[in-house]
Amino acid sequence: MSFGEMTITLDDVRVLLGINVTSKTVVVKSKERIEVTLMVSRLLGISISEIDEEIKTMHGLTIRLAWLKERFSVPSKRLLEEEESEEEEDEEVEEGSDGNKEGYVYPPVECLVRAYILNLIGATPFANKSGIRVPLTLIQFLEDVDIIGSYAWGGATLAYMYR
């Protein structure tokens with residue numbers, strides 16, 4: 001390195017981002033599109049057709065952060081019972097005793113956690129040049145919610161920056 005040049009070190013990543021640098025190594029295993037689509041569907045609770053459409057739109061194994069936020073920031077408007085008539089759909093939605101509005105599907109908490117963390121790592125340590133996409137290959141590390149924090153995300157971040 002020439003005099004006057006700087007580079008980001010692993011310690012810089014640890015201090016600036018406050019993420020783990022010494023733990024389980026994050027090794028991204030390349031996967032086929034269908035494998036990633038099925039894994040995302042299972043871990044985020046999104047239909048395969050929705051994910052496939054988004055992947056086709058992005059021309060690769062990435063999704064838009066805006067799509068992810070839109071998909072998980074409000075309850076899904078899919079009806080709980082598919083056989084309800086159009087008349088029932090037009091009736092005013094009443095709030096139930098548990099605060100859940102009838103007719104809305106709320107994803108499981110683990111799906112919400114995974115979506116939030118995928119958004120977080122896609123917007124910060126694994127941000128691409130445009131800052132609008134997140135690589136779906138990272139979803140394999142979000143399968144077990146209890147161990148997500150045990151990965152050395154700092155080392156992976158540094159490697160991703162210098163790729």
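Only the coordinates and a few stated rules stand behind these numbers; no lab work does. None of the values given here were measured: they were computed from a predicted structure. Because the Cβ atoms are built from the backbone with ideal geometry, glycine has one as well, and the counts that use them run over all protein chains shown.
Count charges around ALA123 for me, please; just the other residues with Cβ under 14 Å from its Cβ, Lys/Arg as +1, Asp/Glu as -1.
On the way: positive: ARG64, LYS69, LYS129, ARG133; negative: none.
Net of charged neighbours comes to +4.
Take ILE48 and SER73, extend 7 Å from each Cα along the Cα→Cβ direction, and tell me the distance between the two endpoints in nm.
3.0 nm
Could I have the simple spin-label model distance between ASP12 and MET58, label points 7 Å from Cα toward Cβ, reported in nm to one decimal?
According to this spin-label approximation, the distance is 2.7 nm.
Output the peptides 132-145, 24-37, 108-121 sorted from most to least packed, where packing is the average of other Cβ atoms within 10 Å over each peptide's residues.
Working: 132-145: 18.5, 24-37: 12.9, 108-121: 16.7.
Result, highest mean first: 132-145, 108-121, 24-37.
Just name one of THR22, THR9, MET39: the one whose Cα is farthest towards the positive end of the charge dipole of segment 1-76 (beta-carbon charges, Lys/Arg +1, Asp/Glu -1).
MET39
Pop a pseudo-label 7 angstrom from the Cα along the beta-carbon direction at both MET161 and SER2 and give the gap in nm to one decimal.
Here the answer is 2.1 nm between the modelled labels.
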